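Below is one structure, written out as structure tokens; comments come after it.
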Amino acid sequence: MASTHVGILRAFTAGTYKARVTLKGSVLLSLDGVPVNRGIPSGEMVAGRAVTVVIIDETKATDAYVVGVYA
């Protein structure tokens, strides 16, 4: 079952459109290589910004996607 989380953007690679994010409330859980919605301009993907992360399968954190960014 899919779930939505708030995360903090730690890094973004424009060439692959993938990010490293830390889920809010979890200092230890960072997700690396998370695909980013290509509708989000790369200029908006600044480290430290809050992002919306959808995890499709809670048992596999690798099934995560960044679907939004906000201040």
Problem set entry | Mean shadow area of the chain, taken as a quarter of the surface of its Cα convex hull (nm²) | 4.3
Problem set entry | Residue-wise HN-Hα coupling along the stretch 57-71, computed from phi with Karplus coefficients 6.51, -1.76, 1.60 (Hz; x: Gly, Pro) | 10, 4, 7, 10, 4, 6, 8, 10, 9, 8, 10, x, 9, 8, 7
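Can you tell me how much longer the chain between I8 and I56 gets when fully stretched, taken as 0.36 nm per residue apart minus their C-alpha distance, in nm with one decimal?
Contour length minus Cα-Cα distance gives 15.4 nm.
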Exercise. When the chain is fully extended, how far beyond the present Cα-Cα distance does V46 get from K24, taking 0.36 nm per residue of separation?
Worked result: 6.3 nm
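Since every read-out is calculated from the coordinates, none of them should be taken as a lab result. Just so it is clear, the model here is predicted, and its values are computed rather than measured.
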